[in-house]
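One structure below.
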Amino acid sequence: MTQLTRRGLLAGTAAVTAATAIGPLAATPLRAATPLAGKQAAGFYRYKVGAYEITAIYDGEWVRDLNEQYVPNAPIAEVQKVLAEGFLPAGKTRTPITTLAVNTGSKLVLLDTGTGGRLGGATGSWSDNFAAAGFNPAQVDTIVISHFHPDHIGGLRTKDEQLVFPNAEVMVPAPEWAFWMDDARMNAAPEAGRGVFMNARRVFGSIAGKISRFDPGKEVAPGIVTVAAPGHTPGHTAFIITSGSASLLTVVDSVNHPAVWVRNPDWHFFFDTDRALGVQTRKQLLDRAAADKLPVTAYHWPFPALGQVTKEGSSYRLHPVAYSHTL
Ligand SMILES: [Zn+2]
């Protein structure tokens with residue numbers, strides 16, 4: 001049996017190079033260097049839930065400096081330790097963004113719309129990835145919004161305020177509308193807390209009469225059932241997508257980066273409006289996923305943001321999906 005060693009390989013390479021240099025190939029012109037691609041492949045990933053075809057569409061990643069506020073109820077040294085254990089950069093918080101397109105065979109349904117390119121940084125690639133997946137905005141029948149944070153509703157409009165989806169019915173959680181569209185609440189909010197209220201008016205204001213509001217628990221499209229998941233925001237909504245005997249749970253923003261909040265479900269999240277309720281909802285959803293062995297997706301998990309969850313004592317573990325080249 002031939003033993004390959006690095007020294008042997010290098011010696012072999014040198015021998016081949018020398019042979020090539022003096023052989024007939026020496027007269028062959030050198031090939032030009034292959035240009036560097038300089039960019040990633042298109043960010044979409046397909047999988048099936050029963051007969052439904054799901055396409056995860058990537059919008060990019062929001063990267064911020066880590067500070068004490070990211071996990072308000074844990075010492076920053078603990079957070080840094082967890083990030084290091086996940087091989088994540090210690091001084092940064094990473095928030096990938098992935099939306100879902102659900103093709104039921106008769107309807108194309110979007111769950112949330114991405115940032116619309118308004119969050120800056122390495123976000124805003126949703127439209128390119130949606131097109132690369134073979135879709136165009138006119139094909140979308142229904143858009144279901146989970147909650148009103150800008151990274152979820154921003155994609156309803158272009159940067160110059162045009163509506164992106166000409167044929168889509170837009171459905172939003174009724175309690176979310178009641179909270180963010182309440183002028184008295186907006187005016188009572190501290191200056192720094194008014195951005196989400198104002199952004200919701202910018203996005204929805206001129207189309208308010210056309211927007212359907214649903215109560216949590218409602219089936220908003222065939223096989224897509226909404227689940228009340230308050231805490232992140234008052235009307236924050238999760239989804240269960242079912243086709244035949246298969247189901248998928250999307251926890252949306254109830255479980256942010258898995259290295260932090262799947263491992264430490266009791267940790268608070270800065271952007272939750274009610275952090276204690278956020279913890280309660282997070283655990284309920286993860287318990288359900290673990291007990292029922294449901295595949296789970298989330299809006300801010302590393303792409304394609306899909307896996308299975310198991311329970312380990314008071315913690316959980318995410319088992320991310322392995323890439324499959326078949327559906
Ligand atoms: Zn979000």
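The values are calculated or read from the model by the stated rules, or taken from the named source; none is laboratory data. This structure is a prediction, so every number in the text was calculated from the model and none was measured. All Cβ positions, even for glycine, are placed from backbone atoms using ideal geometry, and neighbour counts span all protein chains on display. Side chains are part of the model used for accessible areas, which takes the heavy atoms of the whole protein and leaves out ligands, DNA and RNA. Shrake-Rupley method; radii C 1.70, N 1.55, O 1.52, S 1.80 Å.
The figures follow:
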| read-out | value |
| --- | --- |
| Verdict on PHE130 being among the hydrophobic types (A, V, I, L, M, F, W, C), in contact with a helix residue (DSSP H, G or I) (Cβ under 8 Å, 6 or more places away or on another chain) and over 18 Å from VAL252 (Cα atoms) | yes |
| Out of LEU83, LEU119, sole residue that is open to solvent by 10 Å² or more (accessible area, probe 1.4 Å) and touching a helix residue (DSSP H, G or I) at 6+ places or on another chain (Cβ under 7 Å) | LEU119 |
| Leading residue by the ranking (farthest from the ligand (Cβ to nearest atom)) among those in region 133-142 that are in contact (Cβ under 8 Å) with a residue 24 or more places away in the chain, part of a loop (DSSP other than H, G, I, E, B) and open to solvent by 20 Å² or more (accessible area, probe 1.4 Å) | ASP141 |
| Where PHE130 falls short, out of the listed (1) in a loop (DSSP other than H, G, I, E, B); (2) crowded, with 22+ Cβ neighbours inside 10 Å; (3) in contact with a Pro (Cβ under 8 Å, 6 or more places away or on another chain); (4) not basic (Lys, Arg) | (1) |
| Wholly enclosed strands (runs of 3 or more DSSP E) of region 40-113 bearing at least 1 residues in contact (Cβ under 8 Å) with a residue 40 or more places away in the chain, more than 25 Å from ASN264 (Cβ to Cβ) and among the small types (Gly, Ala, Ser) | 52-65, 92-103 |
| Test result for LEU286, assigned to a helix (DSSP H, G or I) and either in contact (Cβ under 8 Å) with a residue 60 or more places away in the chain or open to solvent by 10 Å² or more (accessible area, probe 1.4 Å) (or both) | no |
| Meets criteria (at pLDDT below 95 and touching an Asp or Glu at 6+ places or on another chain (Cβ under 7 Å)) for GLY114 | no |
| Residue that is least open to solvent (accessible area, probe 1.4 Å) [pool: residues in region 289-304 that are within 16 Å of THR55 (Cβ to Cβ) and more than 16 Å from the ligand (Cβ to nearest atom)] | PRO304 |
| Tabulated pairs, region 193-210, first within 12 Å of GLU161 (Cα to Cα), second modelled with pLDDT of 95 or more and of a type in the set (Lys, Arg), C-beta under 7 angstrom, 6+ apart or interchain | VAL203/ARG157 |
| Pick from region 263-278, criterion within 11 Å of HIS232 (Cβ to Cβ), more than 14 Å from the ligand (Cβ to nearest atom) and without any contact (Cβ under 8 Å) to a residue 60 or more places away in the chain, ranking: most open to solvent (accessible area, probe 1.4 Å) | ASP274 |
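Conditions (1) closer than 30 Å to LYS48 by Cα; (2) away from the ligand (no atom under 16 Å from the Cβ), marked per residue:
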position	(1), (2)
ALA77	no, yes
ARG94	yes, no
GLY105	yes, yes
LEU111	yes, no
GLY114	yes, no
GLY117	yes, no
ASN129	yes, yes
VAL144	yes, no
LEU156	yes, no
